[in-house]
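Taken together, the values in this text are just the output of simple stated rules run on the coordinates, not laboratory data. A quick note: this is a predicted structure, and the numbers were derived from the prediction, not measured.
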Amino acid sequence: MKADGSYCTEGFEEHADWILNKAHEYVSKIEGVDPELKIDQKYANEMVRASDTKIHTISAFLGGIASQEIIKILIKQYTIFNNTLIYDGIRGMLQVYE
């Protein structure tokens with residue numbers, strides 16, 4: 001991402017094409033998969049577009065939640081959350097559904 005917030009487009013098509021070719025190469029090696037299977041270009045484009053994102057903060061946050069829940073299970077002192085936890089990294093909110 002550039003300083004002005006826009007995405008760098010230099011080499012975008014080449015990177016997306018490389019990813020798409022590699023994906024087709026790997027899929028063709030999987031037994032039982034239709035050899036005519038075509039992967040949409042939009043998926044490769046999205047991988048290139050999002051390749052410069054930073055997910056370490058979200059990973060650290062969710063890892064902290066997971067470790068707290070494991071400690072709760074091990075020491076049998078607190079109640080763990082039930083069922084599903086959904087974290088919205090954009091808004092910084094989470095919700096537990098039972």
What's the extension gain from Lys42 to Tyr97 if we count 0.36 nm per residue and subtract their Cα-Cα distance? 16.6 nm
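Assuming a ≥ b ≥ c are the square roots of the Cα gyration tensor eigenvalues, decide whether the chain counts as rounded (a/c under 1.5), prolate (otherwise, with a/b larger than b/c) or oblate.
Oblate, since a/c reaches 1.5 and b/c is not below a/b.
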Nearby lysines by direct alpha-carbon distance to Lys38 (threshold 19 angstrom, same-chain neighbours under 8 apart not counted): Lys22, Lys29
Estimated 222 nm signal from helices in the chain, with DSSP H stretches of n ≥ 4 weighted -39500 (n - 2.57), rounded to 500: -16000 deg cm²/dmol
Relative contact order of region 56-97, please, whole-number percent, based on alpha carbon pairs below 8 angstrom and at least 6 residues apart. 26 percent
Would you mind checking which residues have amide H under 5 Å from Leu94's amide H? H placed 1.01 Å from N; only 5 or more apart, or other chain. Asp88
Could you give me the ³J(HN,Hα) list for region 71-81, computed from phi with Karplus coefficients 6.51, -1.76, 1.60 and θ = phi - 60°, whole Hz, x at Gly and Pro? 4, 4, 5, 5, 8, 6, 10, 10, 8, 7, 6
